[in-house]
1. Looking only at the range A:344-370, count every residue that is open to solvent by 30 Å² or more (accessible area, probe 1.4 Å), assigned to a helix (DSSP H, G or I) and within 7 Å of the ligand (Cβ to nearest atom) and tell me the total.
2. Could you count how many residues in the range B:227-270 are among the acidic types (D, E), more than 14 Å from the chain's Cα centre (by Cα) and part of a helix (DSSP H, G or I)?
3. Answer yes or no: is there a residue in the range B:154-170 that is closer than 18 Å to B:E219 by Cα, in contact with a helix residue (DSSP H, G or I) (Cβ under 6 Å, 6 or more places away or on another chain), within 12 Å of chain A (Cβ to nearest Cβ) and part of a helix (DSSP H, G or I).
4. If you scan the range B:179-210, which residues turn out to be surrounded by 24 or more Cβ atoms within 10 Å (Cβ to Cβ), within 16 Å of the ligand (Cβ to nearest atom) and of a type outside the set (A, V, I, L, M)?
5. Are any residues in the range B:186-202 facing another protein chain (nearest Cβ under 7 Å) and either assigned to a loop (DSSP other than H, G, I, E, B) or without any contact (Cβ under 8 Å) to a residue 12 or more places away in the chain (or both), and if so, which ones?
6. Looking only at residues that are in contact with a His (Cβ under 9 Å, 6 or more places away or on another chain) and modelled with pLDDT under 95 in the range A:194-225, which one is surrounded by the most Cβ atoms within 10 Å (Cβ to Cβ)?
7. Are there any pairs with C-beta distances below 6 angstrom linking a residue in the range A:151-163 that is away from chain B (no Cβ under 14 Å) and open to solvent by less than 30 Å² (accessible area, probe 1.4 Å) to a residue that is within 16 Å of the ligand (Cβ to nearest atom) and of a type in the set (S, T, N, Q), with the two at least 6 apart or on different chains, and if so which?
8. Would you tally the residues in the range A:134-150 being more than 15 Å from the ligand (Cβ to nearest atom) and either open to solvent by 30 Å² or more (accessible area, probe 1.4 Å) or modelled with pLDDT under 95 (or both)?
Amino acid sequence: MDLTYTEEERDFRARLRTWLGKTLPELPAKPSPDDWPGRRAYDLGWQRRLYDAGYAGLHWPVDAGGRGATPTQHLIFLEETERAGAPYVGANFVGLLHAGPTIAAEGTAGQRARWLPPVLRGDEVWCQGFSEPDAGSDLASLRTRAVRDGDDYVITGSKIWTSHAEVADWCELLVRTDPAAAKHRGISWLAMPMDAPGVTIRPLRTLAGSTEFAEVFLDEVRVPVANRVGAENDGWRVTMVTLSFERGTAFVGEVVACRRTLAELARTARANGRWDDPVLRRKLGRLYGEFGALWRLTQWNVSESERSGGVPGTGGSVFKLAYSHARQELYDTAAEVLGAGSLSLDEEWVLDRLSSLSYTIAAGTSQIQRNIVAERILGLPKGR
Amino acid sequence: MDFQLTRDQRDLRAGVRDLLAGRFGREALRAAVDSGTAVDRGLWRELGAAGFFALRLPEAEGGVGLGLPEAVLVFEEAGRALLPGPLVATHLAAGVVPGAAAGTAVVTALDLGERGGPLVSYLAEADAVLGAPLLPSGEPVRSADPLTPLHRVAGDLRGDVSEHRDAGALLTAALQLGSALRTVELAVRYAGEREQFGQPIGAFQAVKHLCAGMLVRAEVARTAVYAAAVTADPGEIAAAKLLADGAAVRGARDCLQVYGGMGFTWEADVHLHLKRAWVRAEQWVTAAEAEERLAAELLAADPAEADPAAGGLSRIAADADAP
Ligand SMILES: Cc1cc2nc3c(=O)[nH]c(=O)nc-3n(C[C@H](O)[C@H](O)[C@H](O)COP(=O)(O)OP(=O)(O)OC[C@H]3O[C@@H](n4cnc5c(N)ncnc54)[C@H](O)[C@@H]3O)c2cc1C
């Protein structure tokens, strides 16, 4: 067990830190959360800078246009960018963390050449069209249909909670290509252009008041068969590949951010006298210990995936369960520290408190994660 | 960075597991409970011979010359097996109290909280108290844990353990971790075997989710304990103890729930895990002490790492400062 970084890793960190110190002051001002075109431009502008500096797709395989960095280097990258307060992937989330890795792993050479470079360069944004109104946790029961017509699929149905749909160029879309097959069997994974005729986007307001996600209606949308990644009706397996990436390293930077938030919270409590309340103080101490442990768990998982050749394991579910609950407790504790100050939406962290509510729902609810842990890690029998 | 067990560490852990399975398996555990034999001197010497106590003593002083990470792995196994006796105190006494390293002496410590008068574990079994000049006398107390006899010691009690507090807390956390991982195994095995309503109870989601929660707490505690062993950082040790205490105590309780009525019997081992976990939670560093230590560290944490642009909290802090 070794927690020290190699000389090479330390060098990498130092160079990155220097680059961040130089680059971050040059960034334009952050757009307001409601300014969608502004956010897209801001996030892609950041991606472009990463690309030009050679940091785009750091951990992607070299033949997919990435840098082939080790999981540890990727970890350092996420840690340092968060420390420095750099923008996160933002609108590029799905492209970089789901669709890209999936296409890199399962796509043909032509598909990789078509879709991967624009993600890395920050030219194209992807969204994820998995969930449907009647298919959330039970994703495999999805009903959006794709019927073959010559070289196209003709798609009809609807998707919901599609994050960033309004600014996306492409959608990783799950469709049913064989309605007669068992529900996990008849699904295919397609890349759908969001500007195709028949695609209608209706923004949904979140509880935070923002339009973070949308409903997407599909009315006889034609998508070339060539846009299918993986074999027809083999989309469920491809999806499992996607989801393992989703749960892999998605929250690394956030653990760092939570520790920073806690430090600010302690100073606030000290300034407003709440620190003298031993119950609250100990709660903060406990959270500090928990986030420290979650950071170590991240390092453990990364080291494990480094030994096993870069594949994220089921440990991601263990992490997501612990992290999503700790994060919600952090913001609830912040509200205790701030009292009535926690009621103003002008405070950015109050929005963070609201958004933390999605962590036990999005990307697989805590209940579903517990099923995964119980069945796939602990080997308990499936319910009938 | 390679935060995984080395081959040697894996081998060490497997070796200790085998040793304990052979020498202190379930039957030996139950026999010890039935006879009330908390410390078996023969076993103690065998542990000594196997290097259990001398593990971190330099080779020049007759020790094994290994470090905290290895000690943690060994204590994790002891916790899994519910091995009784003042293991941590004797380990800490190696090189200090004659005979401790070899397991010919049994050494206890004043490691329990002071509420209601100082309680000492294994006093009647001990040859020495770590850091204390004499073996004090005391009144026996009916102990919650059948294999941790307790005495209440009257009068002026000396035995400074402050220099051992961190190592003691970490090794105790490792014992808790072993127990927590063991209760996950017990619960999962029982849930797969016991049938109700025509199927294994483990197919019921309410039971599954109890087990998953146990594993999550144990895994978070595990990395905390291992990392603290590598860094030996006092804050990380406090966090490791806190999380391992929680994983062991709650793990045993959830395991008991999975066992149902069987879990409430003397027959099942679950109560032994729970009671030992309660004892250990009071040893070296309690939850309240750990949280206070972490809170102090948090307050001292470098705010320069904070992103000034994020600002929400700092702005409120500034408001609070204003008259
Ligand atoms: C902020 C946010 C962003 C999102 N972004 C996207 C996106 O970009 N693309 C996309 O495709 N989807 C997205 N989603 C959707 C998300 O994946 C689903 O909300 C999630 O999978 C849960 O599905 P559901 O909402 O239909 O809840 P349901 O499945 O209806 O679940 C409701 C409740 O029932 C419980 N439940 C359901 N099934 C079980 C079971 N088998 N056992 C125990 N409990 C169960 C759940 O845990 C939950 O508590 C997003 C969601 C949020 C909140």
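The values are calculated or read from the model by the stated rules, or taken from the named source; none is laboratory data. This one's a predicted model, so the numbers in the text were calculated from it and none came from an experiment. FYI the Cβ positions are ideal-geometry reconstructions off the backbone, even for glycines, and counts take in every protein chain you see. Keep in mind that these areas ignore ligands, DNA and RNA; they rest on the heavy atoms of the full protein, side chains included. Shrake-Rupley method; radii C 1.70, N 1.55, O 1.52, S 1.80 Å.
1. Final tally of qualifying residues: 3.
2. 2
3. For the range B:154-170, residues closer than 18 Å to B:E219 by Cα, in contact with a helix residue (DSSP H, G or I) (Cβ under 6 Å, 6 or more places away or on another chain), within 12 Å of chain A (Cβ to nearest Cβ) and part of a helix (DSSP H, G or I): absent.
4. B:G202, B:K208
5. B:G192, B:Q199, B:P200
6. Out of the qualifying residues, it is A:F213.
7. Partner pairs satisfying both residue conditions: A:G157/A:T144; A:I160/A:S131.
8. 5
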